[in-house]
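Below you'll find the structure, written out as structure tokens, and then a few comments.
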Amino acid sequence: MTPKLMGVVNVTPDSFSDGGLYFDPEAAVSHGRELVAVGAEILDVGGESTRPGADPVGAEEELRRVVPVIRGLIDLDCDVSVDTSKAGVAAAALDAGAAIVNDVTALRGDPEMAALCAGRGATVVLMHMLGQPRTMQDDPRYGDVVAEVKAFLAERLEFAVGAGIAEERVWLDPGIGFGKTAAHNLELLRRLGELSELGRPLVIGTSRKSFIGRVDGSDAAHRLGGTIASSVLAAAEGAEVLRVHDVAEVGQALTVATAILG
Ligand code: HH2
């Protein structure tokens, strides 16, 4: 149980839990540096919030937000990931030294994204989302959420490989909170082992998300305990990358859990 911690660096005014805190590039860079100092092996830099109802950001503005921050982090001993679904933003981020493209649309958002990632040899995170960020939480429905997410990820993996992305460079993510009720999220986390059968590393992002609040009534500023519990259990179920805001705290929980389990 030794997952990598992917620290979140949101260069946005409106992210759901830390919007505006690191909108200034210098603040974002120093936050990223702190996250690496406390154990992040990957930094995920994003310039557009995907929270339900967030306003879309144009490519120029997104580029302006993320590229200087990536440049400021690239000398660190960590991989930099860019959280974008736009090929133009991903290309500039890769030029600036990023190695991973975290695409919450799983290569469906921009027709040029797959070829770009293939040509650059980037590692790609393919995430499940039902619908679009603006409306995805309006009554999402599934027959069997785990089976449907698994089938989707299998199809997107096949698409990526067909587009020339090496299979070993693909990571998969069930998209906790993206077009799912709290019950759907809990079921996905409970049955994560079924998604491991796809044979690719699983990325899990539960950090501060609203399903935690649905369980205990907490707001986004008070979900560290739920983030830790869900992250440790996801790691025990085989998650290889945990996307979190609170790197030090989740890292300590994992270290202790690992020491206990041996
Ligand atoms: N969650 C968020 C954003 N990007 N990417 C992956 N692969 N998996 C996730 O679970 C995931 C993600 C949402 O979190 P955050 O970045 O903190 O919020 P916002 O989208 O409001 O910026």
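Table for the structure above
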{"quantity": "Breaking point among (1) buried (at least 21 other Cβ atoms within 10 Å of the Cβ); (2) assigned to a helix (DSSP H, G or I); (3) away from the ligand (no atom under 14 Å from the Cβ), for Ile165", "calculated": "(2)"}
{"quantity": "Residues of the range 6-50 that turn out to be outside any helix (DSSP H, G or I), open to solvent by 10 Å² or more (accessible area, probe 1.4 Å) and more than 13 Å from the ligand (Cβ to nearest atom), as a count", "calculated": "4"}
{"quantity": "Count of the range 168-199 residues which are closer than 19 Å to Asn102 by Cα and not in a helix (DSSP H, G or I)", "calculated": "12"}
{"quantity": "Every residue from the range 70-106 that is under 20 Å from Gly39 (Cα atoms) and of a type in the set (A, V, I, L, M, F, W, C)", "calculated": "Ile70, Leu73, Ile74, Leu76, Cys78, Val80, Val82, Ala98, Ala99, Ile100"}
{"quantity": "Per-region count, the range 233-256, residues in a helix (DSSP H, G or I), open to solvent by 20 Å² or more (accessible area, probe 1.4 Å) and either within 13 Å of the ligand (Cβ to nearest atom) or in contact (Cβ under 8 Å) with a residue 40 or more places away in the chain (or both)", "calculated": "3"}
{"quantity": "Test: Ala99 is over 22 Å from Asp14 (Cβ atoms) and either surrounded by 23 or more Cβ atoms within 10 Å (Cβ to Cβ) or in contact with a Ser or Thr (Cβ under 8 Å, 6 or more places away or on another chain) (or both)", "calculated": "yes"}
{"quantity": "Hey, Val80 under 27 Å from Ser196 (Cα atoms), modelled with pLDDT of 95 or more, in a strand (DSSP E or B) and away from the ligand (no atom under 11 Å from the Cβ) or not", "calculated": "yes"}
{"quantity": "Any hit, the range 131-139, residues being within 16 Å of the ligand (Cβ to nearest atom), in contact with a helix residue (DSSP H, G or I) (Cβ under 8 Å, 6 or more places away or on another chain) and either assigned to a helix (DSSP H, G or I) or open to solvent by less than 40 Å² (accessible area, probe 1.4 Å) (or both)", "calculated": "no"}
{"quantity": "Per-region count, the range 51-75, residues open to solvent by 80 Å² or more (accessible area, probe 1.4 Å) and either more than 13 Å from the ligand (Cβ to nearest atom) or in a helix (DSSP H, G or I) (or both)", "calculated": "4"}
{"quantity": "Of all residues in the range 179-227 being of a type in the set (A, V, I, L, M) and away from the ligand (no atom under 16 Å from the Cβ), the one that is nearest to the chain's Cα centre (by Cα)", "calculated": "Ala183"}
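The values are calculated or read from the model by the stated rules, or taken from the named source; none is laboratory data. Predicted model only: the values in this text are computed from it and were never measured. So basically every Cβ, Gly included, is an ideal-geometry build from the backbone, and we count neighbours across all protein chains shown. When the accessible area is computed, the model is the full protein with side chains, heavy atoms only, and any ligands, DNA or RNA have been set aside. Shrake-Rupley method; radii C 1.70, N 1.55, O 1.52, S 1.80 Å.
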